[in-house]
Amino acid sequence: MKNRTRNDYLRRIDRVIALLQQAVANDAELPDLAELGQAAQLSPFHFHRVYRALTGETIGRTVARLRLLRALQLLSDPARAVTDAALAVGYETPQAFARAFRQAFGASPSELRAQPARLAGELARLSRAPVDEAMPMSLLQVDVVSLEPFALVATRNTGDFADLAVAYEALFGWAAQHGLIECIAGIYGVPQQDRRDTPPAECEFDCALAFSAEAIAGDGTVPLTLGGGLWARLRHVGPYAGLEPATDALLAEWLPHSGYALRDEPLFHHYLDDPEQTPEAVLRTDVYLPVSALP
């Protein structure tokens, strides 16, 4: 069952790559995210993260890689003009193609074509996604827990993740104004996108504090409920910048072998330490991933 589950995830990702490769080969419009998510049988909550975790690259980087791969395939035909290759893979001008080509390979199309052995090596390299080395399974501290729904007060920050400290300060200020500082039961965060794949100005992140249900109020905050059902809990120790790679490992290494499937809810973080009083190297964060048992 476990191997079959992992192979199932890989087949889903292969279907996505096949759709992208077909569009690039035909110089056609790329599939939209809804179509790609449907091909992968993954919800918008998890598609980007699962795809990146299993391939080591974003959708945008896959498209760029496939365009260059197609260009190399066309250049392998000595009868094919460089201009034809450029236009066939979506570059508006041969000059734009030449710039991208030199940036990727350190050579012009004509120079690389004159080196058959190197051309063959680049073809082989670009034919594979650059899957990152994931965290070893033995280092993943994962528990599957059942959580009762719990209420929080949240404020959504839209913008660079560097601004999250300011958003949390405002949330703590709201709690102080309402006499609730001593009632804070936990500090949470809900990343709506993977910040590595989203322009900083478009990143949405829900900063949240856990209180009793009676504490939910307005003043720029919105009520939020987390929990309910089964959750895979990964303990990450270290800087917050390591949360994305840790989540990649959870999705790529643990999930396919776990006997669980993803549910259509966003993941969330539970921050166990105060970053102003705790060294970065020992900051503890629990990553919660919504799951359900496979039948």
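List of remarks:
- Ranking of Asp143, Asp273 by count of other Cβ atoms within 10 Å, fewest first: Asp143, Asp273
- Listing Glu122, Glu204 from fewest to most neighbouring C-beta atoms within 10 Å gives Glu204, Glu122.
- Neighbour-limited loop hits for GluC sites (Glu not before Pro), the stretch 27-90 (at most 14 other Cβ within 10 Å; DSSP other than H, G, I, E, B): Glu29
- Considering only alpha-carbon pairs that sit under 8 angstrom and 6 or more positions apart, the relative contact order computed for the chain is 20 percent.
- Figure legend: label point modelled 7 angstrom from the Cα of Ala261 along Cα→Cβ; residues of the stretch 29-48 with amide N under 20 Å from it are 34-48.
- When the Cα gyration tensor is reduced to axis lengths a ≥ b ≥ c, the ratio a/c is 1.5 or higher for the stretch 54-144, and with a/b above b/c it is classed as prolate.
- Relative contact order [Cα under 8 Å, 6+ residues apart], the stretch 138-293, whole percent: 31
- Unit charges at the beta carbon, dipole of the chain: most positive-side option, His48, Cys203, Leu87: Leu87
- Cβ-based exposure ranking for Asp194, Asp32, in which fewest neighbours within 10 Å come first: Asp32, Asp194
- Label point distance in nm, Gln22-Arg102, each placed 7 Å from Cα along Cα→Cβ: 3.7
- Cα centroid separation - the stretch 48-85 against the stretch 150-170, whole Å: 38
- Cα-based shape type of the stretch 138-293, given that a ≥ b ≥ c are square roots of the gyration tensor eigenvalues and the cut on a/c is 1.5: prolate
- Projecting the Cα atoms of Tyr288, Ala28, Thr278 onto the dipole axis of the chain, where Lys and Arg carry +1 and Asp and Glu carry -1 at the beta carbon, places Ala28 farthest toward the positive end.
- Using a Förster distance of 45 Å, the FRET efficiency for Leu10-Ile181 (Cβ separation, nearest 0.05): 0.40
- What the Cα atoms of the stretch 2-126 give is an Rg and a Dmax of 16.2, 49 Å.
- Take the Cα of Ala281, step 7 Å toward its Cβ, do the same at Glu148, and the gap between the two points is 4.0 nm.
- Here the chain is treated as a sphere whose radius is the Kirkwood value from Cα pairs; by Stokes-Einstein at 25 °C and 0.890 mPa s it diffuses with a coefficient of 113 µm²/s.
Where a number appears in this text, it was derived from the coordinates with a stated rule and is not lab data. Since the model is a prediction, treat every value here as computed from it, not as a measurement. Neighbour counts are summed over all protein chains in view; Cβ atoms, including those assigned to glycine, are modelled from backbone coordinates with ideal geometry.
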